[in-house]
Amino acid sequence: MNEPTSTPAGVVVFSGMAAEPIDVETAWDAVETEATGAVVTFGGVVRNHDSGREVQRLGYSAHPTADTRMAELAAEVASRHPGTRLWAAHRTGELAIGDAALVAAAAASHRGEAFEACRDLVEAVKHGVPVWKEQHFADGETEWVGMA
C-alpha cells in the first residue's frame, strides 16, 4: 500500500498594508528562489478614469484589522497552492494616477501554478480585506467605493 504524500502548503513571504509606494520588482525579488520556474506578478494601478468620468487621484483607507485580515487570507491562499511563495501589499493614503495600489506575486515550479496562485491571492485581497477607496474626480466630486 502506498503512503499518501503531501506537498507542504505555500509560503507567505509578506502580506500587509503599506503607506509607502510598492512595486512589482520588490515582490518578484521576495518570492523568487533557485527552485522557482515561474514568477507571476500583478500590479493594480490607479487609472485616470472610472465609468466615463475623469479621475484625478485616489485615497485609500483601511480598517485597523486590515493587516491581520490580509495575513489570514494570504495563509488561506497558500494552503490552497502547495509549493508556492506569495507576496502581497495594498497601499493606503493618497495615490496619484499611475501609482500601484495593489501588488501581488506568486512563485512556483511551473507557470500554471504561479498564475493560479497569483490570481487567487489578488481576488482574496480585493474581496476580503477591509479597504475603502475615495475617488477624486476632475469635476470636484468624490465617490467612496467599497463602503457597504
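The values are calculated or read from the model by the stated rules, or taken from the named source; none is laboratory data. Not measured: the values here are computed from a predicted model. For neighbour counting, all protein chains shown are included, and Cβ atoms are generated from backbone atoms with ideal geometry for every residue, glycine included. SASA here: full protein model, heavy atoms, side chains in, ligands and nucleic acids out. Shrake-Rupley method; radii C 1.70, N 1.55, O 1.52, S 1.80 Å.
Observations
- Heavy-atom surface analysis with a 1.4 Å probe gives the chain a carbon and sulfur content of 50 percent of its accessible area.
- Ranked order, Asp50, Asp139 - accessible area, probe 1.4 Å, largest first: Asp139, Asp50
- Residues Glu25 and Thr142, FRET efficiency given R0 of 30 Å [Cβ-Cβ distance, rounded to 0.05]: 0.40
- Tilt relative to the chain, helix 66-80 - C-alpha long axis, 0 to 90 degrees, to 10: 40
- Per-residue HN-Hα couplings for segment 102-111 [Karplus 6.51, -1.76, 1.60; θ = phi - 60°; Hz; x = Gly/Pro]: 9, 10, 9, 8, 9, 10, 7, 5, 10, 4
- What the phi angles of segment 37-43 give under the Karplus curve with 6.51, -1.76 and 1.60, with θ = phi - 60°, is a coupling list of x, 8, 10, 10, 10, 9, x Hz, glycine and proline written as x.
- Working note: Karplus 6.51/-1.76/1.60 with θ = phi - 60° gives segment 22-29 the couplings 10, 8, 5, 5, 4, 5, 4, 4 Hz, where Gly and Pro are set to x.
- Residues Thr65 and Arg119, FRET efficiency given R0 of 22 Å [Cβ-Cβ distance, rounded to 0.05]: 0.35
- The chain - mean residue ellipticity at 222 nm from DSSP helices (-39,500 (n - 2.57) per run, n ≥ 4, rounded to 500): -9000 deg cm²/dmol
- Binned Cα-Cα distance frequencies in the chain - 10 Å width, integer %: 12, 38, 29, 14, 4, 1, 0, 0
- Sorting the segments 14-24, 68-78 by their residues' average number of neighbouring beta-carbon atoms within 10 angstrom, most packed first, yields 68-78, 14-24.
- Relative contact order of the chain, defined on C-alpha pairs under 8 angstrom at six or more residues apart (%): 35
- Amide hydrogen neighbours beyond the local backbone of Thr36, cut-off 5 Å, H modeled: none
- From most to least packed by mean Cβ count within 10 Å, the peptides 132-138, 88-94 give 88-94, 132-138.
- Antiparallel bridges, percent of DSSP beta bridges restricted to the chain (to nearest 5): 80
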